[in-house]
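Participant: Sharing a structure with you now.
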Amino acid sequence: MSESPVTAPVCYRHPSKETYIRCTRCERSICPDCMNEASVGHQCPECVAQGRRTQRSARTAFGGSAAGKAGTATKTLIGINVVAMVFSIISGGSGAVAGGGMGGLLGGSTPLTSWGGVWTYYIAGNNEFYRLFTAMFLHYGVIHLLLNMYALWILGRQLEGALGPLRFTGLYLLAGLGGNVAAYVFTGIDGGNTVGASTAVFGLMAAMLVLLKRLNLSVAPILPVIVINVIFTFTISGISVPGHLGGMFTGFAAAIALAYAPKDRRGLVQGIGLGAILLVLVVISIARTLSLTT
């Protein structure tokens, strides 16, 4: 009686390759091309994929994705503002860069800023509510843009890292919208046009204060910045006081909703909180329009 020859084990994915390596999780034979380094031994591709699916992704203290540490949302928002400035210059020529307000440091009005700024007459008269959103991405000149983008770069990366990109973006857009709604409400029908990311930036300042307080950290780094910017808002002509303060209060409210939501169903509570703020802003905008047109 002859004995059957002893055959070497082969890789379950590559039957033509002999191997004596086994997956430490499922014990299937795997060749060097298929094995993945593990804390102990090696794992096959299927076990690695299964582990990734079951592993919870890292979250921040406020429930956001740790991906916010890369600052992608902040960079994207800056990019949108820069692109809008380029188109504004194209539409308005050299006058869009400088030669306007603040002794000529700011640029003048352009067809793009006229189209997308908070102009009460056109919002109420033509129902151009899109202006309440687009105004936060438009600027009067390069200096105006650089000042706001510098503040966004400093504050945005820190807040995005703490909140995650999705929550940070929601905070930014709500603050910008809130400031523009305030400018709409408190500017007369014959008032001028308002543009700028400062509505959102003021909201970020307030949000930084809330998050530092929630984490029991010192508010000393942000409090003087807020005070100085509020003083500038009231003392320098041509600045939209309601826009800045409206953005600040909206950012403060949004940050409260994000920072103080209970851990149980935190994402749902945060979403409801931000949604409620958005609803209030919509109702205020409609009420303002009705008061001007009826």
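The values are calculated or read from the model by the stated rules, or taken from the named source; none is laboratory data. In this text, all values refer to a predicted model and were calculated from it rather than measured experimentally. As a convention, Cβ positions derive from the backbone with ideal geometry for all residues, glycine included, and neighbour counts pool all protein chains shown.
Participant: So if I check each of 181, 185, 219, which one is touching a helix residue (DSSP H, G or I) at 6+ places or on another chain (Cβ under 6 Å) and crowded, with 22+ Cβ neighbours inside 10 Å?
Facilitator: Among 181, 185, 219, only 181 is touching a helix residue (DSSP H, G or I) at 6+ places or on another chain (Cβ under 6 Å) and crowded, with 22+ Cβ neighbours inside 10 Å.
To keep it simple, each residue is scored yes or no on (1) without any contact (Cβ under 8 Å) to a residue 24 or more places away in the chain; (2) hydrophobic (A, V, I, L, M, F, W, C).
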{"site": "231", "(1), (2)": "yes, yes"}
{"site": "238", "(1), (2)": "no, no"}
{"site": "255", "(1), (2)": "no, yes"}
{"site": "261", "(1), (2)": "no, yes"}
{"site": "264", "(1), (2)": "yes, no"}
{"site": "274", "(1), (2)": "no, yes"}
{"site": "281", "(1), (2)": "no, yes"}
{"site": "288", "(1), (2)": "no, no"}
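Participant: List the number of the failed condition for residue 169; all other conditions in (1) over 11 Å from the mean Cα position of the chain (by Cα); (2) among the hydroxyl-bearing types (Ser, Thr, Tyr); (3) surrounded by fewer than 22 Cβ atoms within 10 Å (Cβ to Cβ) hold.
Facilitator: (1)
Participant: Assigned by TED's automatic domain parsing to the domain that holds residue 124, exposed (fewer than 14 other Cβ atoms within 10 Å of the Cβ) and among the aliphatic types (A, V, I, L, M): is that true of residue 210 in this structure?
Facilitator: Details: assigned by TED's automatic domain parsing to the domain that holds residue 124: yes; exposed (fewer than 14 other Cβ atoms within 10 Å of the Cβ): no; among the aliphatic types (A, V, I, L, M): yes.
Here the answer is no, as residue 210 does not meet what is asked.
Participant: Could you check the stretch 106-132 and list, in sequence order, the residues that are part of a helix (DSSP H, G or I) and either without any contact (Cβ under 8 Å) to a residue 24 or more places away in the chain or in contact with a strand residue (DSSP E or B) (Cβ under 7 Å, 6 or more places away or on another chain) (or both)?
Facilitator: Those that are part of a helix (DSSP H, G or I) and either without any contact (Cβ under 8 Å) to a residue 24 or more places away in the chain or in contact with a strand residue (DSSP E or B) (Cβ under 7 Å, 6 or more places away or on another chain) (or both): 111, 115, 122, 126, 131, 132.
Participant: Going by the structure shown, is residue 230 assigned to a helix (DSSP H, G or I), assigned by TED's automatic domain parsing to the domain that holds residue 108 and surrounded by 19 or more Cβ atoms within 10 Å (Cβ to Cβ)?
Facilitator: The answer is no for residue 230.
Participant: Checking the structure you have, find out if any residue of the stretch 273-287 is in contact with a Phe, Trp or Tyr (Cβ under 9 Å, 6 or more places away or on another chain) and modelled with pLDDT under 95.
Facilitator: no
Participant: Of all the helices (runs of 4 or more DSSP H) wholly in the stretch 138-226, which have at least 2 residues that are farther than 21 Å from residue 257 by Cα? Break it down stepwise before answering.
Facilitator: Numbers: elements: 142-163, 165-186, 198-214.
In the stretch 138-226, 142-163, 165-186 are the helices (runs of 4 or more DSSP H) which contain 2 or more residues that are farther than 21 Å from residue 257 by Cα.
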